[in-house]
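Quick note: the coordinates plus some simple rules give every number you see, no bench work behind them. Just so you know, these numbers come straight off a predicted model, no measurement behind them. Using ideal geometry, Cβ is built from the backbone for each residue, glycine included, and neighbour counts are taken over all protein chains shown.
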2 protein chains.
Amino acid sequence: MAPNLDSYFSQVDNLSDHFIERLRQAVAIPSVSSEAARRPDVVRMGHFLADELTKLGASVELRELGPQPGTDLTLPPVVLARYGSDESKRTILVYGHYDVQPAEKSDGWETEPFELTVKEDGRMLGRGSTDDKGPVLGWLNAIEAHKVAGIDFPVNLLMCFEGMEEYGSEGLEDLINLEGKKYFADADAVCISDNYWLGTERPCLTYGLRGCNYYSVEVSGPGADLHSGVFGGTAQEPMTDLVRILGSLVDTDGKIQIAGISDQVAPITAEEDGLYDGIAFTMETLHESLGSKTTIFEDKKSTLMARWRYPSLSVHGIEGAFSAPGAKTVIPAKVIGKFSIRTVPNMEVDQTNAVVYKHVEEAFKKLGSKNTMKVYAQHTGKWWVASPNHWNFSAAAKATERVWGVKPDFTREGGSIPVTITFEEATGKNVLLLPMGSSTDGAHSINEKLDKRNYIEGIKLLGAYLHYVAEEAIV
Amino acid sequence: MAPNLDSYFSQVDNLSDHFIERLRQAVAIPSVSSEAARRPDVVRMGHFLADELTKLGASVELRELGPQPGTDLTLPPVVLARYGSDESKRTILVYGHYDVQPAEKSDGWETEPFELTVKEDGRMLGRGSTDDKGPVLGWLNAIEAHKVAGIDFPVNLLMCFEGMEEYGSEGLEDLINLEGKKYFADADAVCISDNYWLGTERPCLTYGLRGCNYYSVEVSGPGADLHSGVFGGTAQEPMTDLVRILGSLVDTDGKIQIAGISDQVAPITAEEDGLYDGIAFTMETLHESLGSKTTIFEDKKSTLMARWRYPSLSVHGIEGAFSAPGAKTVIPAKVIGKFSIRTVPNMEVDQTNAVVYKHVEEAFKKLGSKNTMKVYAQHTGKWWVASPNHWNFSAAAKATERVWGVKPDFTREGGSIPVTITFEEATGKNVLLLPMGSSTDGAHSINEKLDKRNYIEGIKLLGAYLHYVAEEAIV
Ligand SMILES: [Zn+2]
Ligand SMILES: [Zn+2]
Ligand SMILES: [Zn+2]
Ligand SMILES: [Zn+2]
């Protein structure tokens, strides 16, 4: 049993105001990777992290990734850092991202999105609080609490923090592949804290993720936008074609209408079938995260299966059409519908793309339109399933029980973290997803928050995990 | 035959650079009525017009319309002006609008949209050049050319220029109804220059317009936008429902799928049937205005009928969904589809609304969705058909033949100018639509332009029209 945890835990409690202050500083930097105008802020956030790590005694490199393809922007640097290089210790590689989703007060936030606001009930509101600045700072805070308490750090820590996660992780895959056997060479396992508990009470360890293929359907006709009074009734309208194509993809109950998708899904085994009932997840929690009762299924098992082991298709929006409030009588000349499919074992990217393209092309052909249609994948990413019996998971399970007093659920997730597979393939090591936040945090939504409890106990968890890692038998 | 026209015409030619300079000043004011941040520019444009009119000797009122409902904005003033009050002369009431559609260089403009750019080929590019700053300034220029040439102005001119036309003419209807028998009491006829020739060579006079009912379909479910990885497959998605509803409205060939619409359309008479062949309109001109050959019909007659005497339905866009470039894996919580129907005799607004609501409600019901759907009309406007045998039209026809050397086509239009009916009903007088620009001007599109020839000859036309009005026998 790791001996130093009690004094580590009380040091984390002592430093909690300081750790919240560090999160406040990070949230105040609007590091929105998808907005060109915010790029200097993303870079500033990378430098903030590098400076904090240097002060804590880590050796830090700001790794430049060059220009962002298709733009005149420079990619933000990847922060690579090492804390400790004792060959007698295990080495853990951790990953996180310091960029965030866009946010504007006018989107409906109850507070300024880039000012961390700690509410009476413990919610710490702010863009990036839970995704992913809180978890990233968790590692820094764990180092600091060890230093202040004078406890030997139990492992060597390698860190890789990127600034483009919310916009496709441009350039990261090449870097990881390059450094897999170099900078990351002595990593014994990988830990990523960038997902969420299934509910709000029971912690979990995650060993599977769905993939994501993101598609564009472009329909164009006229040379420029037209006035619907003048041209309505005389021109074939790209929007008319596009909404009919988008309407053919999926039904209200989430059933994908594309032939050849369901054939690619792995059949369910008896073992898997028995696995869902024990998971701490209730429809009530789902209703709370949704903010509504508009679920497809009424029961937990169907819902978990739909999220973890079946593909889903979402229509995200349309580029080029009228999207503002009010009324504009425009016939858009070129519209681009965006949808994505969450993929699961045993779907293969190429095979999925093929049936998607075929479906969309046939749906368009059926319309008999003179307009021009193009369908293509903007990006694709494979699903991932790891072995939850590895020591990396055992250590995390023990740490969870020590900090939270309960055994964690072993879960899969509906979302995609493409970097997970990249790390697995580049290092050849086990990858663990160890979430800090809970299901109601609202990453990517308005009023994103991290509960103070999850932040502080989460810092304890990350440190405890490293102590248990140090004690696990090498199998 | 109006005697003073030759010297008037040569004075217009002499002043043409000055008139283009005036248009340049007007285009430089980005009076976009739909954008809150541009409201001060809209107001500035109203004051610019008022100042110019005052300098020309008109008596001018800036009529305030109060707050804009649902916003904290103030409506821009209506410019009411009178030039001349000789009881022995006829009085013509003219209308135009000084606000414009939104425009950004980044939309694809070849020039800065708010800098008038005169090209070698005579195209004068700039937002508002043809819609409707060129025509509005046409009346001011006609006054100035008479003054400079020392020619007695042939009529009393009443002017009504508004600043909210592109955003629903908020507040104007009440003002016109209020002033119908007051400020506008001595108007003998009304002339509006805010539409376009059918092609690029033959001028026209317009005696009919389609109406426009603009609808919103709002589908909402979750309390906030969701991450499609986490919730895809478990929540019923408003976008899924919305695209299916929008896809049910109209087909690629413009055939409206809403039961009960076509029953409301007036049957074609033998007289009307013979009317289309003589109109100066070719499919080639249509292809040029479209910038493509993606027409619904291959022949002129079907095309003109579809534009003038049949309803059409256009899907304009979706508010609340992802509309930017790139890829965002959002499940939008609330989306509002926008579409409009261009209406024709004998469709009645209430009856049309009723069948639209019924269709949308049934289409939504068929989906079996737990989401919430609302359908409503954002605004409605009736079609208009006037008598082209009135002296107002005869005068305009003679003026057209004098300036352009050809008899004008008598046309109807596909677009809506709701104020036309309002003026007709409030004054009880004949309303004439007398266009200045041509079919390729691209009002509401990128690269909006007015040809220098249409501007200068158009100024001659407006003046000549007033001279012929003065000579027409009262019937
Ligand atoms: Zn994240
Ligand atoms: Zn994220
Ligand atoms: Zn106009
Ligand atoms: Zn307009």
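Can you bin the stretch B:289-347 into rounded, prolate or oblate? Criterion: square roots of the alpha carbon gyration tensor eigenvalues sorted a ≥ b ≥ c, rounded for a/c under 1.5, prolate for a/b above b/c, oblate for the rest. Could the numbers behind the result be given before it?
Working: a/c = 5.21, a/b = 1.89, b/c = 2.75.
Oblate, since a/c reaches 1.5 and b/c is not below a/b.
Let a ≥ b ≥ c be the square roots of the eigenvalues of the Cα gyration tensor of the stretch A:404-475; is it rounded (a/c under 1.5), or, if not, prolate (a/b larger than b/c) or oblate? Write down the numbers at each step before the final one.
Values: a/c = 2.27, a/b = 1.24, b/c = 1.83.
Because a/c hits 1.5 or more and a/b fails to exceed b/c, the stretch A:404-475 counts as oblate.
What are the nm distances, shortest first, from A:Ala259 to its equivalents in the other copies, labels at 7 Å along Cα→Cβ?
So the distances to the same position in the other copies read 3.0 nm.
Which of the trypsin sites (Lys or Arg not before Pro) across the stretch A:256-349 are loop residues per DSSP, with 10 or fewer other Cβ within 10 Å?
Details: sites: A:Lys293, A:Lys300, A:Lys301, A:Arg307, A:Arg309, A:Lys328, A:Lys334, A:Lys338, A:Arg342; in loops: A:Lys293, A:Arg309, A:Lys328.
Passing sites in the stretch A:256-349 do not exist.
With contacts defined as alpha carbon pairs under 8 Å and 6 or more residues apart, what's the relative contact order of the stretch A:327-475 in percent? Working shown, then result.
Values: 97 pairs, mean separation 37.8, N = 149.
That works out to 25 percent.
Spelling out what I want: for every residue of the stretch A:175-188, take phi, set θ = phi - 60°, compute 6.51 cos²θ - 1.76 cosθ + 1.60 (Karplus), and round to whole Hz; glycine and proline get x.
With coefficients 6.51, -1.76 and 1.60, one gets 5, 5, 4, 5, 9, x, 9, 10, 4, 8, 4, 8, 5, 9 Hz.
What base-10 log of the normalised intensity I(q)/I(0) is obtained for the stretch A:158-307 from the Debye formula, alpha carbons as equal point scatterers, at q = 0.11, 0.17 Å⁻¹?
Summing over Cα pairs of the stretch A:158-307 leads to -0.80, -1.22.
Under a crude label model (7 Å from the Cα following the beta-carbon direction), how far is B:Asp13 from B:Ser106 in nanometres?
Going from the B:Asp13 label point to the B:Ser106 one covers 4.6 nm.
Restricting the count to DSSP beta bridges whose residues both fall in the protein assembly as shown, what percent are antiparallel, rounded to a multiple of 5?
Details: 94 of 136 bridges.
DSSP beta bridges in the protein assembly as shown are roughly 70 percent antiparallel.
Can you tell me how the stretch B:110-162 classifies by the Cα gyration tensor, rounded, prolate or oblate, using a/c under 1.5 as the rounded cut?
Oblate is the answer for the stretch B:110-162, as a/c is 1.5 or above yet b/c matches or exceeds a/b.
Working out 0.36 nm times the residue gap between A:Glu201 and A:Glu362, then minus their Cα-Cα distance, what length gain in nm do you get to one decimal?
Details: separation 161, 0.36 × 161 = 57.96 nm, distance 4.70 nm.
Residue separation times 0.36 nm, minus the Cα-Cα distance, leaves 53.3 nm.
Kindly work out what percent of the DSSP beta bridges joining two residues of chain A are antiparallel, to the nearest 5.
Details: 46 of 67 bridges.
The antiparallel fraction comes to roughly 70 percent.
How large is the convex hull of the Cα atoms of the protein assembly as shown per residue, expressed in Å³ as a whole number?
Working: hull volume 157.3 nm³, N = 950.
Convex hull volume per residue, Cα atoms: 166 Å³.
Given the -39500 (n - 2.57) contribution per DSSP H run of 4+ residues, what per-residue ellipticity at 222 nm results for chain B, rounded to the nearest 500 deg cm²/dmol? Don't jump to the answer; show the numbers that get you there.
Working: 14 runs with 159 residues, N = 475.
Value at 222 nm, helices only: -10000 deg cm²/dmol.
Can you tell me the relative contact order of chain B? Whole percent, Cα pairs under 8 Å, sequence separation 6 or more.
Numbers: 957 pairs, mean separation 117.2, N = 475.
That works out to 25 percent.
Restrict the search to the stretch A:137-231; then list the chymotrypsin sites (Phe, Trp or Tyr not before Pro) that DSSP places in a loop and that have at most 11 other Cβ atoms within 10 Å of their Cβ. Before the final figure, lay out the partial values.
Values: sites: A:Trp139, A:Phe161, A:Tyr167, A:Tyr183, A:Phe184, A:Tyr196, A:Trp197, A:Tyr207, A:Tyr214, A:Tyr215, A:Phe231; in loops: A:Tyr183, A:Phe184, A:Trp197.
Passing both the DSSP loop test and the Cβ count: no residue.
Any idea how far apart B:Met283 and B:Lys370 come out in nm if each label point goes 7 Å out from Cα toward Cβ?
5.2
Over the stretch A:137-292, what is the mean sequence separation of C-alpha contacts under 8 Å (at least six apart), divided by residue count, expressed as relative contact order in percent? Kindly include the intermediate steps, with their values, before the conclusion.
On the way: 40 pairs, mean separation 28.4, N = 156.
For the stretch A:137-292, the relative contact order is 18 percent.
May I ask you to derive the FRET efficiency for B:Gln25 and B:Asp263 from their Cβ-Cβ distance with R0 = 56 Å, giving the value to the nearest 0.05? Please report the intermediate quantities before stating the final value.
Values: r = 51 Å, r/R0 = 0.90.
After rounding, the FRET efficiency stands at 0.65.
How high is the FRET efficiency between B:Lys301 and A:Thr71 when r is their beta carbon distance and R₀ equals 45 Å, given to the nearest 0.05? Please list the in-between numbers first.
On the way: r = 49 Å, r/R0 = 1.10.
So, using R0 = 45 Å, E works out to roughly 0.35.
Which distances, shortest first and in nm, link A:Glu288 to the matching position in the other copies, using label points set 7 Å out along Cα to C-beta?
6.7
With the crude spin-label approximation of a point 7 Å out along Cα→Cβ, what separation in nm comes out for B:Ser88 versus A:Ala185?
10.7
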